[in-house]
Amino acid sequence: MSTTQSERLRELLAPLVSARELELEEVEVTPAGKRRVLRIVVDSDEGVQLDACADLSRDISAALDETDAMGGAPYVLEVTSPGADRPLTQVRHYVRATGRLIKAQLTEGGELVARIVAVDDEGLDLEVPGVKGRKPTARRLAFAEIAKARVEIEFNRKTAAGDAAAEEDESDEIQEEA
């Protein structure tokens, strides 16, 4: 039998979360003044919509009202998705981040910023951006080499079509100068 409150809550809530075709990422109870905050973090391959969080919140609230899992003290329930800057800790997190830029702290020191090209059970195939106009390079990184990693938020990411258009503009300029 579970010993901690978080483990008991996880056992109670996991079936409710999976019934909505979501994955239970985290269950956290933290003090907040005279109350506590129960934060439930859920995710899915397609992301989590606000309506899904609201529906799940009602399901969880009803289940908690029927049990004494939270005890008699007041609490605030938060049902949320992990957010863009969450740590990548499981293979499925990396799979969901395929095509995205990540920053990885390496176990042997240093860090690496690269785009995830592919993911398998052993590690990642990455594209390391070129520096000062150089072409990107491919790199293989095993999960054992990663101490921690997060997705890097990109505001000005060029798309493949945008890259091709930029290259065409550059070649037009070169031809015009000649």
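The values are calculated or read from the model by the stated rules, or taken from the named source; none is laboratory data. Because the structure is predicted, anything quoted here is derived from the model rather than measured. Neighbour counts are summed over all protein chains in view; Cβ atoms, including those assigned to glycine, are modelled from backbone coordinates with ideal geometry. The protein model used for the area step is the full one, side chains on, heavy atoms only, and it has no ligands, DNA or RNA in it. Shrake-Rupley method; radii C 1.70, N 1.55, O 1.52, S 1.80 Å.
Any residue that is within 20 Å of the chain's Cα centre (by Cα), of a type in the set (S, T, N, Q), assigned to a helix (DSSP H, G or I) and at pLDDT 90 or above - is there at least one of those in segment 57-66? No - not one qualifying residue is present in segment 57-66. Residue-level analysis places L88 outside the set of residues that are open to solvent by less than 50 Å² (accessible area, probe 1.4 Å), farther than 30 Å from T4 by Cβ and touching a strand residue (DSSP E or B) at 6+ places or on another chain (Cβ under 7 Å).
Determine if segment 80-95 includes at least one residue that is more than 24 Å from I146 (Cβ to Cβ) and touching a Cys at 6+ places or on another chain (Cβ under 9 Å). Yes, the conditions are met somewhere in segment 80-95. Please specify each residue of segment 60-74 satisfying the condition of being open to solvent by 50 Å² or more (accessible area, probe 1.4 Å) and within 21 Å of R20 (Cα to Cα). D65, E66, T67 - these are the residues of segment 60-74 that are open to solvent by 50 Å² or more (accessible area, probe 1.4 Å) and within 21 Å of R20 (Cα to Cα). Checking L77, L38 one by one, the residue that is in a strand (DSSP E or B), open to solvent by less than 50 Å² (accessible area, probe 1.4 Å), touching a Phe, Trp or Tyr at 6+ places or on another chain (Cβ under 8 Å) and more than 22 Å from V151 (Cβ to Cβ) is L38 and no other.
Is it the case that segment 7-24 has a residue that's open to solvent by 80 Å² or more (accessible area, probe 1.4 Å) and among the β-branched types (V, I, T)? No, segment 7-24 contains no residue that is open to solvent by 80 Å² or more (accessible area, probe 1.4 Å) and among the β-branched types (V, I, T).
The residue list G99, G83, G109 contains one member that is farther than 30 Å from K135 by Cα and not in a helix (DSSP H, G or I), which is G83. Here is a check on your reading of the model: is T30 without any contact (Cβ under 8 Å) to a residue 12 or more places away in the chain, outside any helix (DSSP H, G or I) and under 29 Å from A149 (Cβ atoms)? Spelling it out, T30 is indeed without any contact (Cβ under 8 Å) to a residue 12 or more places away in the chain, outside any helix (DSSP H, G or I) and under 29 Å from A149 (Cβ atoms). For first residues located in segment 143-156 and aromatic (F, W, Y), partners that are open to solvent by 70 Å² or more (accessible area, probe 1.4 Å) and lie 6+ apart or on another chain with Cβ distances below 9 Å form the pairs F143/D121; F143/E122.
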